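Heads up, the thing below is written out as structure tokens.
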Amino acid sequence: MRGGTQVVMGNYNQKNAISISISQQNNHIVARISDYTNNCSFTDEAGPYVLTFDYDSQEMRTFVDGALTDSHETNESISWGKTAIGRSGTSSSSSSSRYPWEGKISEIRIYDRKLSDDERKAVEEELQEKWFGASNNPGEPGRAYVYYNPYEDVDWETYEQYKANFHTHTNQSDGSFSPQVAIDRYYNAGYKILALTDHDGYGYDPDTTWPWTKWNRDPDDFGMLAIQGNELSNTDHICSLFNDYGGPRSGQEELALQEVNERNGLAFMNHPGRYTRPVDWYANLYKKYYKEPLIGMEVHNQGDRYPNDRQTWDRVNALVMPEVIVFGYSNDDMHNQNNLFKSYQFMLMKELTVEDLREAMLKGAFYFCYEPGGSGSEDPPVPRISSIEVTDNGTDIKITATTANSITWKTDKGIIANGDFIDLDDINIDGAKFVRAELTNEKGTTYTQPFVLMYSLN
Ligand SMILES: [Zn+2]
Ligand SMILES: [Zn+2]
């Protein structure tokens, strides 16, 4: 890139350090936001920030809220990719599931010439006012738009929809089927992803029901993705996935989550309706362990054993968004024949691999279903989603679905609209934190993940 370029970001973050990495090796400026120690960290105070980068072939200067914080000699190219910034990017290292930064970038401007200092200052002031001015304060929302769309990276044309159950018991704890029978039943019902999650408590063996080959079932022969897991049951029940943890011996949820995280696992809280925890308790837990390892909440369990679980889910999200997003799950919690095939999700993935599954779970790229009849069909009769598009600068959301009789849009404040399309410009959403959709027909209900909302002046 010749002639000097300036990048301006309006930036908002409450949690992590922000840094700009300058790769001397590749002669690249990587405008990555991360807390890697090898990057040049210029502040670790809570935001909001307006960041500007100003460089020519000789020098790179970094400003935070108008003040020069860093200056480097540099070379002429800039590496700027989707993967380098923010939550919707992929992780910077393929072996890590963690995103380098969990804040929000409100706006990025790239100029094809080097701005003068006066011009830069004017842009900084404009961004400061636009994103952090009085009209953008909580309680005085401006125009609503989708700030996080869980389906943003889904290519609906080419991605597969893999039916999944993440909560399954066998006779290795209190389930009635042997592991091989459980696997066979789900295989025959068109499931492509299955986690056998036996209890580690109540005196059961804390070992995971793993690997499937121990029970003479090779997932490759079935074209299935087998996920190692456990239902940690000496605590509030936690679905622990992608690791071999056998749980703490007493009710220490935080210890359990730390252990799962150390094993590079992911986890969600099961059936909150079984307990009497206040929503604050969940909010604190999700904030503290977000993506490390907590990613969601089971809000349909064994059909619909705890109908208030969706309300708990919404209330927790209202407390933790936009920094944290709790994705919803629907699982059979299968113990016997009666629990089969009523609660599942469709994971939106390029390929049936653990890597793609983890990515879908971290991004929320899936939708979940409740089918009281439990048909066990590969193509079940609940509403199916064939695409979700967010357009017009995040104000329009359109769902294309089959066999849906109705689509209802809900925020944390209540129902706001019906139909397959909403334009947030036309609806008073009262400062809501998110909007999500429920699709129904006579066979069941299908739920999207929440779309996180933000407010701006224009
Ligand atoms: Zn349980
Ligand atoms: Zn269970």
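Neighbour counts of C-beta atoms inside 10 Å place M347, M321 in the sequence M321, M347, starting with the fewest. In terms of the mean number of neighbouring beta-carbon atoms within 10 Å, the peptides 114-122, 444-452 order highest first as 444-452, 114-122. Full extension of the segment from K287 to S377, taken as 0.36 nm per residue of separation minus the current Cα-Cα distance, would add 28.7 nm.
Once you reduce region 314-360 and region 416-442 to the center of their Cα atoms, the two points are 21 Å from each other. By the Stokes-Einstein formula, at 1.002 mPa s and 20 °C, region 160-381 with its Kirkwood radius over alpha-carbon pairs has D equal to 126 µm²/s. Convex hull volume of the C-alpha atoms in region 317-375, normalised per residue: 117 Å³. Once both labels are positioned 7 Å from their Cα atoms along Cα-to-Cβ, the gap between D244 and I415 label points is 5.1 nm.
Every read-out reported here was derived from the displayed coordinates using simple, explicitly stated rules and does not represent laboratory data. As the structure is a computational prediction, the values presented were derived from the model and not from experiment. Cβ sites come from the backbone with ideal geometry, for glycine too, and all protein chains shown count toward neighbours.
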